[in-house]
Structure formats: C-alpha cells, structure tokens
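Each remark here refers to the structure printed beneath this line.
The values are calculated or read from the model by the stated rules, or taken from the named source; none is laboratory data. This one's a predicted model, so the numbers in the text were calculated from it and none came from an experiment. Cβ: placed from backbone, ideal geometry, glycine included. Neighbour counts: every protein chain shown.
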Amino acid sequence: MEPARGRTLVVDDEFAFAYDFGHRWAACEGLRVRDVDRVVAEVDRLVTESGAEVCSWWLTEHSTPADLEQRLLARGLRLVESDYLHAGMLSTTAPPEVPGIEVRRVETLEQHAVARRLSHPELSDEQLAAEWENGEEPTWLAYVDGRPASVGRAIYTRAGAYLMGGSTEGWARGRGAYRATVRARWDEAVRRGTPALAVGAGAMSRPILERLGFEQVLQFRRLESVRA
C-alpha cells in the first residue's frame, strides 16, 4: 500500500509496520521472522516513536516460523480472546445498493469529528483537528433518519481498497447502514479503476460481508503489544 499523508510505513524484510498520525493503534504485518527478539525490539521502538499505545500483530497461515505465535506470547505479547480471529476476505463483485440510506463522504473537520466519535467518543477536539490536518483515508458516513449511523474508511491501493474503521451505532444496527458504507467504498474503488475490496472481518461484520459476496482467503490471528 502507498503511504498516505499522515501515515508512517516501515517495510523491513521480516515485517511491515504501519501507523496513522494521532491514532491509538499501530499494526505489524507481513511477518516472515528469523530473529524474533530483534523484531519485537524494533517494533517496540517504532511504537514508542509513533506515540501509539497498542500494536496489533497480524499473523496468517503464511507467517513464519510456524510457532511464531507461541514465541511472541513468550516474549510478552498477549492474546485477547474476543479480538483474536479475523477473516481475511475479498470481493470483486458489486455489493447491492441500500435504498433509503444516505451516504456522504467526509469532507470537513466537523464531519470528521462526527465520524470518528461514532467509535471513539473520547477523542478531544485537539486530537481530531490534528488528525484532520495530517490526513485521513477517505471516509464515509451513513445516515439513518437524518442521524449519523455508521462510518467506514478505506485505504486505496493499485489493486483495490482495503476496508477499515467500520462502526455502527447500536440503535441503527440491522437497518443497512454498514452495508451502505461498503457500497460507497466499492463505488469509489470502481471510480479509481480498481474494482476489488479486501477486509479483515471480525465476528460482527463477517456474516454481513458473506451475504454481500465476500469470500474468506486468509485467517488472521491477532496478538497485541502494549506500550509501557
């Protein structure tokens, strides 16, 4: 993926580290590890420098060595049972439109604040302003009965879009708001000439995405390290 404005991207021959300015979370992916101690120390350094609080380590069937998960756990990473298994899913067909749901692309700081606070109500005005100034991925807000109901972001690459940041207010669930943001992100991928969507889906979103035609291609296992 191309590093967007505001994103730190470090590609090592044993891992890739990504962080978005102002966010609490960082990610460590593409794990083909030979020296576990070196990688853990280097990622810890990057997390500290970035200001992130938590780093998600994403393992798949292709991560090496085969016992990498056990080695990382032995070095202090932790497994959160409720946020462990995620389906790596892909779709190259258009999800259906959702009538009656208005979806708008976020284009102002005020809209950005509304979108981010759907899932992170604790963010201050200063944090939100700094995020906006340093750049954010394209973000869409879905409205139900005129109220902000669901948000979804996407990273656009040469191959397609990677969906992230999906969140729906409890009162709006089951009314199509999340599906509408998926369709909006698909339409943008088509506009860019890359009609494909990928996502790491948790337990709540996976059944919805399966109904929209997504197929699992990988099994992600998530561990995390927390900055001291």
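For region 111-119, indicate whether the set of residues that are of a type in the set (D, E, K, R) and touching a residue at least 60 places away in the same chain (Cβ under 8 Å) is non-empty. No: zero hits. From the residues in region 189-206 that are more than 15 Å from the chain's Cα centre (by Cα) and touching a residue at least 60 places away in the same chain (Cβ under 8 Å), which one is nearest to H23 (Cα to Cα)? For region 189-206, the residue satisfying everything is A196. Restricting L72, L85, L118 to residues that are more than 16 Å from the chain's Cα centre (by Cα) and not charged (D, E, K, R) narrows the list to L72. Residues that are among the small types (G, A, S), part of a helix (DSSP H, G or I) and within 21 Å of A94 (Cβ to Cβ) within region 161-187 comprise A177, A180, A184, listed in sequence order. All told, A142 meets the bar of being assigned to a strand (DSSP E or B), closer than 17 Å to M204 by Cβ, modelled with pLDDT of 90 or more and not assigned by TED's automatic domain parsing to the domain that holds G51. The set of residues in region 99-139 being among the β-branched types (V, I, T) and either assigned to a helix (DSSP H, G or I) or surrounded by 14 or more Cβ atoms within 10 Å (Cβ to Cβ) (or both) consists of I101, V103, V106, V114, T139. Restricting the first member to region 163-182 and to residues that are more than 14 Å from S119 (Cα to Cα), and the second to residues that are basic (K, R) and assigned to a helix (DSSP H, G or I), the beta-carbon pairs closer than 9 Å and six or more apart or on different chains are L163/R185; R179/R211. For the condition at pLDDT 95 or above, farther than 20 Å from A27 by Cα, buried (at least 22 other Cβ atoms within 10 Å of the Cβ) and under 18 Å from the mean Cα position of the chain (by Cα), what is the one hit in L163, L209? So the residue among L163, L209 that is at pLDDT 95 or above, farther than 20 Å from A27 by Cα, buried (at least 22 other Cβ atoms within 10 Å of the Cβ) and under 18 Å from the mean Cα position of the chain (by Cα) is L209.
Against the test of being acidic (D, E), touching a helix residue (DSSP H, G or I) at 6+ places or on another chain (Cβ under 7 Å) and farther than 24 Å from L59 by Cα, the options E169, E133 yield a single qualifying residue, E169.
All conditions in (1) in a helix (DSSP H, G or I); (2) touching a Ser or Thr at 6+ places or on another chain (Cβ under 9 Å) hold for C28, with the sole exception of (1). Just one residue in the set V11, V98 is in the same structural domain as R185 (by TED's automatic domain parsing) and either within 27 Å of A161 (Cβ to Cβ) or in contact (Cβ under 8 Å) with a residue 60 or more places away in the chain (or both); that residue is V98. Note on region 67-98: residues that are part of a helix (DSSP H, G or I) and of a type outside the set (S, T, N, Q) total 8.
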